[in-house]
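These notes are about the structure you will find just below.
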Amino acid sequence: MATADTAVAAAEAKPGVLEQLRANPRLPLIVGVAIAVTLLVAMAMWSMGPSYGVLFSNLNDRDGGEIIAKLEQMQVPYEFAGNGNTIMVPTDMIDRTRLTLAGEGLPNGGGVGFELMDNQSFGISQFAEHVNYKRALEGELARSIESMDAVAKARVHLAIPESSVFVREREKPSASIVLDLYRGRALGEGQVTAIVNLVASSVTNLPTESVTVVDGSGKLLSDNAATAGNATDGSQLEYVDRIERSYRDRIESILAPIVGRDNIRARVVADVDFSSNEQTEELYAPNGDPTQAAIRSEQRSATRSNGGPGTGGVPGALSNQPSPEIDSPINNKNTTTTANNNNNAEGAKGSTVSNATINYEVNRTIRHTREQSGQVQRLSAAVVVNYPMQANAEGEMQPMPLAEEQMNQIKSLVREAMGFSVARGDSLEVINMPFTDQPENVVEPGVPWWQDRQLIAMVESAVKYLLLAIAAWIVWRRLVKPLLDQVPRAPVRLADAKAEAGAVAEESDEGNEDLRAAIEAGRGKRRQQDALLTTTREAAKNDPKLVAAIIKSWMHSNA
């Protein structure tokens, strides 16, 4: 028990590890040395690694992908910065990499956009701000045009004049666009018009006639004269053709159920006016009822005098009468009333003068009329109806003309279908005539047999196969068959011949001397062949040169 108490007391008396470390005076020195070594190692590793610099910034997705693919092909290390739109490479490889990529035509869309306005310096001049705005607008328009499939690169130049307070000195802006298309691609007329309208809508007061589009080879793509409304514009011709086709379809669709679609021929000619007119009119209405007119201004005045002299002037009836009412030119009454009151309560003479001036608003109408281009001025239609098949007096079916009443009905239908207008000067002609088209049962004369393409193709195919057969026969006859003839046949064994002869003898009940003689002759011929084959083998073993000479002579004789 005393021993345990002694151990506990010793443990309590022993200081802790943290206290020992704090009591050690060398601990701060050790920690400081460790931190210094760590910093030195980190700086050494950082200095050993390559230093990266900006290769390109503000890249779009397409240019960034192409540049990354090219860097991987060149085995150049790279890093991303600036939300992925900036590519960084080792500093010592920036110049060489830029020159290599420039030789490949990268980046395509290197123009700047409105991000140029984000880093404006304080105190920049108005001229520099205007130039930066124009550069940013040109870059944004170029990016929008490059988003098209056929356009590889685009450059936009804007000529924006300075604004003036004087209307007469104001000038409209203009724009020019240079397009670099992909190899084998081309822009249609509609796409060029879309680019022109895109640029014109993005610049204030820029008309479409002032936008010029040129491709990389110097070819003018935008026709400003056609855009301004020249008569040679292809879209105008398409518009006229569409109008004429619409009227023709109306006429044929309304007559087809009556006489048949194959029995109608209709043509419509439309006179379309593509001129654009504007007119402004200012109309003044005549004087109307003053009670219903709007009062613009009104002035009233009254003067009264008592005890003065009576009515003076030249004696007579006119001087004793009040002044008459005088109408104004616009039926506005300027009333002057003079009253002589001689019967007042005091019995004294006096006069009262009242003046009233009322001005009314004048009715005025301003009308601005703008006529749209492409108005149909006149229509001319021609319709031909075929003779229908009808039975004659003999009961035979033959083409016969329509009755006059039917023709009048057809003409009325055509007039309503085309919207015939006498005031517009439209003209319509409907006639009934037989068509000269041949019936279906009449066989048209065909082309000569030597001009029939199908027959010529069959003959060419037959000749081709015939030539192949002839070539195969020549090869068989001149090459394969002689070689097969020179190959010696295998000898027939005597046992097989006896077995064959025995089988023949068993099958035949009556002996035949001729058959036996033939069998014996065959046996003798086979013995000779066996002997000749044995002699040939011995000669080939003994003198192979002689055999080779004999075979060579055979080959020359067969050739």
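The values are calculated or read from the model by the stated rules, or taken from the named source; none is laboratory data. Just so we're clear, the structure is a prediction, and the values are computed from it rather than from any experiment. FYI the Cβ positions are ideal-geometry reconstructions off the backbone, even for glycines, and counts take in every protein chain you see. SASA here: full protein model, heavy atoms, side chains in, ligands and nucleic acids out. Shrake-Rupley method; radii C 1.70, N 1.55, O 1.52, S 1.80 Å.
Kindly check whether there is at least one residue in the range 407-426 that is over 45 Å from the mean Cα position of the chain (by Cα), farther than 23 Å from N386 by Cα, exposed (fewer than 10 other Cβ atoms within 10 Å of the Cβ) and at pLDDT below 95. Talk me through it step by step, then tell me what you get.
Quick first cut of the range 407-426, residues over 45 Å from the mean Cα position of the chain (by Cα) only: 407-409.
Add one more test, that the residue is farther than 23 Å from N386 by Cα, and what stays is none.
Looking for residues that are over 45 Å from the mean Cα position of the chain (by Cα), farther than 23 Å from N386 by Cα, exposed (fewer than 10 other Cβ atoms within 10 Å of the Cβ) and at pLDDT below 95, one finds none in the range 407-426, hence no.
In the range 75-104, what residues are surrounded by 15 or more Cβ atoms within 10 Å (Cβ to Cβ) and in contact with a helix residue (DSSP H, G or I) (Cβ under 8 Å, 6 or more places away or on another chain)? Working first, answer last.
Within the range 75-104, the subset surrounded by 15 or more Cβ atoms within 10 Å (Cβ to Cβ) is 76, 78, 85-90, 93-94, 97, 100-101.
Passing the criteria: V76, Y78, N85, I87, V89, T97, T100, L101.
Which residue is farthest from G216 (Cα to Cα), if the candidates are limited to the range 128-143 and must be open to solvent by 50 Å² or more (accessible area, probe 1.4 Å) and in contact with a Leu (Cβ under 9 Å, 6 or more places away or on another chain)?
The selected residue is Y133.
Test K172 against the criterion of being basic (K, R) and surrounded by fewer than 16 Cβ atoms within 10 Å (Cβ to Cβ), and give yes or no. Show your work before the answer.
Values: basic (K, R): yes; surrounded by fewer than 16 Cβ atoms within 10 Å (Cβ to Cβ): yes.
Yes, satisfied.
Quick check on the range 233-252: of everything there that is in contact with a Lys or Arg (Cβ under 9 Å, 6 or more places away or on another chain) and closer than 26 Å to P388 by Cβ, which residue is least open to solvent (accessible area, probe 1.4 Å)?
Going residue by residue through the range 233-252, those that are in contact with a Lys or Arg (Cβ under 9 Å, 6 or more places away or on another chain) are 244, 248, 252.
Subsequent filtering for residues that are closer than 26 Å to P388 by Cβ retains 248, 252.
Working: R248: 57, E252: 35 Å².
Step by step, filter the range 233-252, then rank; the result is E252.
Being in a loop (DSSP other than H, G, I, E, B) and farther than 25 Å from V272 by Cα is true for just one of R170, R155. Which residue is that? Show your work before the answer.
On the way: R155 fails: in a loop (DSSP other than H, G, I, E, B).
Exactly one of R170, R155 is in a loop (DSSP other than H, G, I, E, B) and farther than 25 Å from V272 by Cα, namely R170.
Looking at L187, L141, L179, which is the one that is within 25 Å of the chain's Cα centre (by Cα), assigned to a helix (DSSP H, G or I) and among the hydrophobic types (A, V, I, L, M, F, W, C)? So that I can check it myself, show each step before the final result.
On the way: L187 fails: assigned to a helix (DSSP H, G or I); L179 fails: assigned to a helix (DSSP H, G or I).
When all the criteria are applied, what remains is L141.
How many of the residues in the range 374-404 are assigned to a loop (DSSP other than H, G, I, E, B) and at pLDDT 85 or above?
Pass one, the range 374-404, residues assigned to a loop (DSSP other than H, G, I, E, B): 374, 386-388, 392-396, 400-403.
Keeping just the survivors that are at pLDDT 85 or above gives 386-388, 400-403.
Summing the residues that are assigned to a loop (DSSP other than H, G, I, E, B) and at pLDDT 85 or above in the range 374-404 gives 7.
Can you tell me which condition G111 does not meet? The list is (1) open to solvent by less than 60 Å² (accessible area, probe 1.4 Å); (2) at pLDDT 75 or above, and all the others hold.
G111 satisfies all of (1) open to solvent by less than 60 Å² (accessible area, probe 1.4 Å); (2) at pLDDT 75 or above except (2).
I'd like the full set of residues that are under 23 Å from L106 (Cβ atoms) and in contact with a helix residue (DSSP H, G or I) (Cβ under 7 Å, 6 or more places away or on another chain), limited to the range 158-178. Steps first, answer last, please.
Initial filter on the range 158-178 (under 23 Å from L106 (Cβ atoms)): 177-178.
Passing the criteria: only I177.
Which one is modelled with the highest pLDDT among residues in the range 427-438 that are open to solvent by 80 Å² or more (accessible area, probe 1.4 Å) and part of a loop (DSSP other than H, G, I, E, B)? If you could, list the steps in order and put the result at the bottom.
Step one: list which residues in the range 427-438 are open to solvent by 80 Å² or more (accessible area, probe 1.4 Å), which gives 429, 433, 436-438.
Next, only the ones that are part of a loop (DSSP other than H, G, I, E, B) stay: 433, 436-438.
Numbers: M433: 90, T436: 82, D437: 62, Q438: 49.
Restricting to residues being open to solvent by 80 Å² or more (accessible area, probe 1.4 Å) and part of a loop (DSSP other than H, G, I, E, B), the top hit is M433.
Going by the conditions given, is T193 out of contact with any strand residue (DSSP E or B) (no Cβ under 6 Å at 6 or more places or on another chain), among the β-branched types (V, I, T), at pLDDT 85 or above and open to solvent by 50 Å² or more (accessible area, probe 1.4 Å)?
yes
Being open to solvent by 80 Å² or more (accessible area, probe 1.4 Å) and at pLDDT below 85 narrows it down to one residue among A317, A345, A285, A293; which is it?
On the way: A317 fails: open to solvent by 80 Å² or more (accessible area, probe 1.4 Å); A285 fails: open to solvent by 80 Å² or more (accessible area, probe 1.4 Å); A293 fails: open to solvent by 80 Å² or more (accessible area, probe 1.4 Å).
When all the criteria are applied, what remains is A345.
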